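The values are calculated or read from the model by the stated rules, or taken from the named source; none is laboratory data. Treat the numbers as computed from the prediction; the structure is a model and nothing was measured. In this analysis, Cβ positions are derived from the backbone assuming ideal geometry, glycine residues included, and neighbour counts consider all displayed protein chains. Ligands, DNA and RNA are stripped out before the accessible areas are found, and what is left, the full protein with its side chains, is counted by its heavy atoms. Shrake-Rupley method; radii C 1.70, N 1.55, O 1.52, S 1.80 Å.
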Amino acid sequence: MGTAAGGQGLPHVGEKSLAEPFVVYGASTSGSVPIEATLSLLNLPYRVEDHAPWEGSHEAERLARINALRQVPALALPTGELMTESAAILIWLADSHPEARLAPALTDATRPAFLRWMTFVSSAIYALYWVADDPSRVVDRAEDHATVKARLYERIAHCWEQMGAQLQPGRYLLGEELSVLDLYVATASRWSPGRSRFYDVAPGLADTIRRVDADPRLAALWAERFPFTPGWER
Ligand SMILES: N[C@@H](CCC(=O)N[C@@H](CS)C(=O)NCC(=O)O)C(=O)O
């Protein structure tokens, strides 16, 4: 663990005591799930504080005290500093524990692809849900909202298709070792337009992602935070 990065853009979380380990500000089925999965695989103690900003202004204001963008995930570090941005958090956690091999090392041949696809999931796919989840944020006419959603889901499917066309997975997306990219994709590919569409557009990634779903080390976490309920693979 490095020293505090005071003044470098990481705010401090007032309510977290320094004695506490990691605190994940998250929600079930959300982008906090791959972070929780990573902390579990790293055997790092953490506590989850659930927030659902989409449930109304009271919840959004409660989260604003932690993250001014009113979004999950956010991660309070043992230093009391707060990180946001799911891809950055996942990369940082993996890089901070190289012995666990949850990311290719800095000099590994697959490192450029790792960084590329982590950023791609974050910026080309995840970012679109800010509008898709609530089209009224950018489009006034309620009668247009269904079209906006449908177009964004098409764009997301197209992005998965690109990833599927360009990656040749081994057991995992980048080769033989599970990385945080696998956890990120296993989670995000369940969001709309949904996993069966993901299999349709990126069939070459299906076996790999099913392998991540079935990883026995993660069974309890998936069951609690993103359960495979009957019909989930819509
Ligand atoms: N760029 C952020 C996006 C986070 C995000 O969109 N989180 C969603 C939940 S999965 C959220 O909090 N939505 C509420 C909102 O944006 O108002 C990241 O990668 O962590």
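Mind telling me which of Ala150, Ala27, Ala88 comes out most flexible in a GNM of the chain, alpha-carbon contacts under 10 Å? Judging by the Gaussian network model, the answer is Ala150. Database remark: amide H of Phe22 closer than 5 angstrom to the amide H of Arg47 (H placed geometrically; neighbours at sequence offset of 5 or more, or on other chains; Pro and chain starts carry no H). Packing-based ranking of 220-230, 160-170 yields 160-170, 220-230, ordered from highest to lowest mean Cβ neighbour count within 10 Å. Along each principal axis, taking the top coordinate minus the bottom one, the Cα set of the chain gives 47, 47, 34 Å in descending order.
For Asp50, the solvent-accessible surface with a 1.4 Å probe is about 80 Å², rounded to the nearest 10.
So what is log10(I(q)/I(0)) for the stretch 111-214 at q = 0.14, 0.15, 0.17, 0.19 1/Å, when the Debye sum runs over its Cα atoms only? Once normalised to I(0) and log-transformed, intensities are -0.53, -0.60, -0.74, -0.88. Extending 7 Å from the Cα toward the beta-carbon at both Thr119 and Ser17 defines two label points whose distance is 4.1 nm.
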